[in-house]
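Okay, structure first, notes after.
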Amino acid sequence: MQVTIRRATSDDARAVSDLYLRARHSAASARTIPPPAHEDDEISNWIEQVVIPTRECWVAERSSGAVVGVLLLGAEWIDQLYVDPELTRAGIGTELMTAAKRERPEGLRLWTFVSNQGAQRFYLRHGFREIERTDGSDNEERAPAIQYAWLPAGPVSTT
Ligand SMILES: CC(C)(COP(=O)(O)OP(=O)(O)OC[C@H]1O[C@@H](n2cnc3c(N)ncnc32)[C@H](O)[C@@H]1OP(=O)(O)O)[C@@H](O)C(=O)NCCC(=O)NCCS
């Protein structure tokens, strides 16, 4: 699917928030991701007042103008990555991942839930390797999680 990857602006706050909540409440997520630890209006406020104005947020946009994917990048972390639940497995996550690697060429880390096996396959396919597992006592959802890391390939030794 053809999408444009671009930085989110204040005009995108509602679309980003709607997409994030739809993705978190989708039937697929209900089977694989624990429910959010915050109410929907708290999440919308956080996206509008914190994420969009102060954080590095990228969106995938269709030619229609619809926002169909969201990527939140920290210094060396993928903090959030969500694709429209109606449009998963159509290459949108890969486009966002390509942008994340371009923006963080030194490497990336992320957490995913142990229950989210689809995301794990996605990250392994994109060269991430498992670093550690936790029992979830240190995350808001209290759900077992895996940390993955991606490091760019170094130069090939010829000796
Ligand atoms: C995980 C996610 C970001 C991947 O984005 P995407 O646009 O669906 O992925 P792409 O189409 O670029 O890549 C698809 C590949 O990823 C893997 N994959 C992604 N989701 C998968 C799933 N549910 N089950 C199995 N494999 C999956 C597969 O390798 C797949 O390739 P295939 O379809 O040829 O088997 C997206 O599916 C999503 O938003 N999922 C729900 C929210 C989520 O889990 N976010 C990550 C939180 S850590």
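The values are calculated or read from the model by the stated rules, or taken from the named source; none is laboratory data. Note that this is a predicted model, so its numbers are computed, not measured. Positions of Cβ are backbone-derived with ideal geometry, glycine not excepted, and every protein chain shown enters the neighbour counts.
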Problem - Matching residues, the range 1-48, being surrounded by 17 or more Cβ atoms within 10 Å (Cβ to Cβ), closer than 16 Å to ARG62 by Cβ and more than 14 Å from the ligand (Cβ to nearest atom) - result: ALA8, ASP12, ALA15
Problem - Scope the range 49-74; condition among the β-branched types (Val, Ile, Thr) and surrounded by fewer than 17 Cβ atoms within 10 Å (Cβ to Cβ); matching residues - result: VAL50, THR54
Handout entry: Enumeration of residues in the range 131-146 that are within 13 Å of the ligand (Cβ to nearest atom) and closer than 25 Å to THR98 by Cα
Key = ALA145, ILE146
Exercise for the section: Would you point out which residue out of TRP77, TRP46, TRP111 is aromatic (Phe, Trp, Tyr), more than 17 Å from VAL3 (Cα to Cα) and over 14 Å from the mean Cα position of the chain (by Cα)? Expected result: TRP46
Fill in the blank from the handout: the range 1-63: helices (runs of 4 or more DSSP H) wholly inside it with 3 or more residues that are in contact with a helix residue (DSSP H, G or I) (Cβ under 7 Å, 6 or more places away or on another chain) and touching a residue at least 24 places away in the same chain (Cβ under 8 Å) are 13-24, 27-32
Practice task
Only residues that are loosely packed, with under 15 Cβ neighbours inside 10 Å and either part of a strand (DSSP E or B) or in contact with a Cys (Cβ under 8 Å, 6 or more places away or on another chain) (or both): list them for the range 125-159, please.
Solution key: ARG129, GLU130, ILE131, GLU132, ARG133, THR134
Problem - Test set (1) at pLDDT 95 or above; (2) under 16 Å from the mean Cα position of the chain (by Cα); (3) under 25 Å from GLY136 (Cβ atoms) - ARG6 fails condition number - result: (3)
Exercise for the section: Residue by residue through the range 75-90, note down the ones that are under 21 Å from PRO152 (Cα atoms), surrounded by fewer than 21 Cβ atoms within 10 Å (Cβ to Cβ) and not aromatic (Phe, Trp, Tyr). Expected result: ALA75, GLU76, ASP79, GLN80
Practice task
Kindly check whether there is at least one residue in the range 51-65 that is within 24 Å of ILE146 (Cα to Cα), out of contact with any Cys (no Cβ under 6 Å at 6 or more places or on another chain) and of a type outside the set (A, V, I, L, M, F, W, C).
Solution key: yes
Exercise for the section: Please work out which residue is surrounded by the most Cβ atoms within 10 Å (Cβ to Cβ), limiting yourself to the range 98-122 and to residues that are assigned to a helix (DSSP H, G or I) and more than 8 Å from the ligand (Cβ to nearest atom). Expected result: ALA100
Practice task
Return yes when TYR82 is farther than 24 Å from SER17 by Cβ and within 11 Å of the ligand (Cβ to nearest atom) and no when it is not.
Solution key: no
